[in-house]
Amino acid sequence: MTPVILVHNARSTRNSKGLEALKEVAAADTSVTQLFFDERTDLDEIAAVVQAAVPSLLIVNGGDGTVQGVLTRLLGRFRPATLPHLAVLPRGMANMTAGDCGLRSRNPAALRELLERVAHGRIEETTTHRRVLKVEGVVGREEAVYGMFAGFAGIMDAIRLTTGKVHKTGLKGEWSHLVTLISLLFGLAIGRKPHGALDGEPMRVTIEGKTRQRRELLWLATTLDHLVLRSRPFWNDADSDLRFTSIAYPPPRLIRHAAGILYGWPARPSEAQGFFSQGTDRLSLNYTGTFTIDGEFFEAAMHQPLTLSAPDELAFVRF
């Protein structure tokens with residue numbers, strides 16, 4: 001049994017610098033096997049190694065997209081008999097998963113401390129559990145896709161704005177999310193939204209035989225406890241592990257309700273005001289177009305409903 005496997009995404013944004021220092025820390029620990037996701041090795045090959053090795057801890061050095069790819073292989077075709085603990089080093093362009101249930105630092109010192117905790121049997125002291133989002137019915141995919149966050153309609157427009165304009169200013173991470181949020185809210189308020197964006201999309205959601213259909217400005221689903229900027233834009237979840245939130249198009253008084261949507265202050269907006277949020281175990285979603293799971297893009301078709309659920313739970317190491 002290999003105690004620890006460390007997967008490096010050599011192409012992740014923040015691994016353009018500092019990767020060698022992380023490799024040195026790992027190389028000094030004989031319990032660690034290092035694998036590299038790059039031009040020569042893909043995630044299917046890495047997942048096969050993980051399945052055969054049955055590690056007690058899997059460390060992912062990368063961003064949200066890397067974690068999503070690993071989860072899809074880990075929980076899909078290469079499902080191991082025993083799921084390892086997962087630790088995420090936040091070294092991608094977007095690190096929302098790590099921000100909620102991963103390591104708080106991306107530096108070599110954090111990796112060193114993590115390995116020391118493993119050596120002394122202290123992993124369980126800082127373990128938190130999260131369900132993993134499972135999406136079935138993705139166009140062109142026979143297998144399910146796994147991740148922690150799915151976004152539709154206006155979420156896609158926000159991603160395009162962040163990657164197309166905000167990142168070019170040099171802003172990364174949480175600062176880029178903040179600037180994007182302010183820009184979109186202000187644009188909607190004064191009627192100067194980006195051309196061809198934030199026009200709303202028709203969506204139909206079915207839960208336990210009850211169907212809701214309307215044009216949505218945005219729609220999101222997640223199993224995380226917090227999203228970007230430590231926000232919690234979901235309510236009425238009844239302690240469900242899978243939560244979703246939608247905002248109707250056109251958005252009514254969005255700036256006025258922004259704090260309520262994101263943080264519940266001073267109160268959550270109501271369904272009558274165009275905002276809806278709920279927790280569930282499973283839902284069916286009809287939608288046409290591109291959507292995202294943890295920053296990776298996928299396609300959906302209205303005639304082929306997506307099924308969202310969260311049957312699997314993983315233990316994440318966080319400190």
Top-ranked residue in region 5-40 [being β-branched (V, I, T) and more than 23 Å from the chain's Cα centre (by Cα); ranked as surrounded by the fewest Cβ atoms within 10 Å (Cβ to Cβ)]: T30
Hey, T128 more than 19 Å from L306 (Cβ to Cβ) and in a strand (DSSP E or B) or not: yes
Residues that are hydrophobic (A, V, I, L, M, F, W, C), over 26 Å from T290 (Cβ atoms) and either without any contact (Cβ under 8 Å) to a residue 60 or more places away in the chain or in contact with a Ser or Thr (Cβ under 8 Å, 6 or more places away or on another chain) (or both), drawn from region 210-259: W235, A238, A259
I261, sole failed condition from (1) under 20 Å from G151 (Cα atoms); (2) outside any helix (DSSP H, G or I): (2)
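Okay, residues lined up against (1) out of contact with any Asp or Glu (no Cβ under 6 Å at 6 or more places or on another chain); (2) part of a strand (DSSP E or B); (3) closer than 23 Å to G147 by Cα; (4) outside the structural domain of G99 (by TED's automatic domain parsing):
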| site | (1), (2), (3), (4) |
| --- | --- |
| L184 | yes, no, no, yes |
| L188 | yes, no, no, yes |
| H195 | yes, no, no, yes |
| L198 | no, no, no, yes |
| R215 | yes, yes, no, yes |
| H257 | yes, no, no, yes |
| P266 | yes, no, no, yes |
| F276 | yes, yes, yes, yes |
| G279 | no, yes, yes, yes |
Cβ-Cβ under 9 Å pairs, at least 6 apart or on other chains, region 77-96 side surrounded by fewer than 18 Cβ atoms within 10 Å (Cβ to Cβ), far side in a loop (DSSP other than H, G, I, E, B): R77/E143; P80/V54; P80/P55; A81/V54; T82/V54; T82/S56
Pair list, Cβ < 7 Å and 6+ apart or interchain, from region 1-27 residues that are closer than 17 Å to G92 by Cβ and at pLDDT below 95 to residues that are surrounded by 18 or more Cβ atoms within 10 Å (Cβ to Cβ) and among the β-branched types (V, I, T): S12/T66
Candidates L217, L306, L283, filtered to the one that is at pLDDT 95 or above and surrounded by 21 or more Cβ atoms within 10 Å (Cβ to Cβ): L306
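The values are calculated or read from the model by the stated rules, or taken from the named source; none is laboratory data. This is a predicted model, so every value here is computed, not measured. Every residue, glycine among them, receives a Cβ derived from its backbone with ideal geometry; neighbour counts consider all protein chains shown.
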